[in-house]
1. Given the criterion open to solvent by 80 Å² or more (accessible area, probe 1.4 Å) and modelled with pLDDT of 95 or more, identify the matching residue among Arg74, Arg62.
2. Just to verify a result, which residue in segment 1-31, among those that are over 16 Å from Ala81 (Cα atoms) and of a type in the set (A, V, I, L, M, F, W, C), is modelled with the lowest pLDDT?
3. Suppose we filter segment 16-56 for residues that are of a type in the set (Val, Ile, Thr) and assigned to a strand (DSSP E or B); how many remain?
4. I'd like the full set of residues that are closer than 12 Å to Trp7 by Cα and among the charged types (D, E, K, R), limited to segment 52-82.
5. Can you tell me which residue within segment 1-20, out of those that are small (Gly, Ala, Ser) and within 21 Å of Ala72 (Cβ to Cβ), is surrounded by the fewest Cβ atoms within 10 Å (Cβ to Cβ)?
6. Just to verify a result, which residue in segment 21-53, among those that are touching a residue at least 40 places away in the same chain (Cβ under 8 Å) and surrounded by fewer than 20 Cβ atoms within 10 Å (Cβ to Cβ), is farthest from Ser67 (Cα to Cα)?
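The values are calculated or read from the model by the stated rules, or taken from the named source; none is laboratory data. None of these values were measured; they are calculated from a predicted model. Heads up, the Cβs are rebuilt from the backbone with ideal geometry, glycines too, and the neighbour counts pull from every protein chain shown. These accessible areas exclude ligands, DNA and RNA; they are computed on the full protein's heavy atoms, side chains included. Shrake-Rupley method; radii C 1.70, N 1.55, O 1.52, S 1.80 Å.
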Amino acid sequence: SRGSSGWVVRVAGISGDVTNVSLGNYLASKGCKVASAYVAYTEAKVPRHGFVTLKDERSYDRALSLSGESWAKRVITITPAGATGKASKSQKNWEKKAQATAQRAAKE
């Protein structure tokens with residue numbers, strides 16, 4: 001087992017209005033058990049790609065199988081976000097950033 005932070009996928013090609021919530025909801029709607037979802041933005045506040053942490057291997061495999069599907073009129077690419085020890089460290093950073101982004105959004 002890779003541990004709780006091991007099942008992380010990177011979602012590229014997402015549309016400009018994707019949020020942490022909609023990204024998580026999309027994968028959940030496709031039958032994945034989502035632990036957390038985080039969208040990384042460019043400096044121009046355009047979603048660059050998303051990272052989703054899944055709760056189990058079945059959800060992880062399911063998420064990877066969705067690569068190439070069309071979502072919000074865009075074809076998305078879903079790849080493993082790296083199964084190295086680095087993933088868990090950057091995962092913590094994503095979660096921190098995600099919380100900061102959510103707090104900023106709440107203030108706006």
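1. Details: Arg74 fails: modelled with pLDDT of 95 or more.
So the residue among Arg74, Arg62 that is open to solvent by 80 Å² or more (accessible area, probe 1.4 Å) and modelled with pLDDT of 95 or more is Arg62.
2. Result: Val18.
3. So the first thing to find is which residues in segment 16-56 are of a type in the set (Val, Ile, Thr), and the list is 18-19, 21, 34, 39, 42, 46, 52-53.
Checking which are assigned to a strand (DSSP E or B) leaves us with 34, 39, 52-53.
Matching residues across segment 16-56 total 4.
4. Narrowing segment 52-82 to residues closer than 12 Å to Trp7 by Cα: 52-64, 79-82.
Across segment 52-82, the qualifying residues are Lys55, Asp56, Glu57, Arg58, Asp61, Arg62.
5. Gly16
6. Here the answer is Tyr41.
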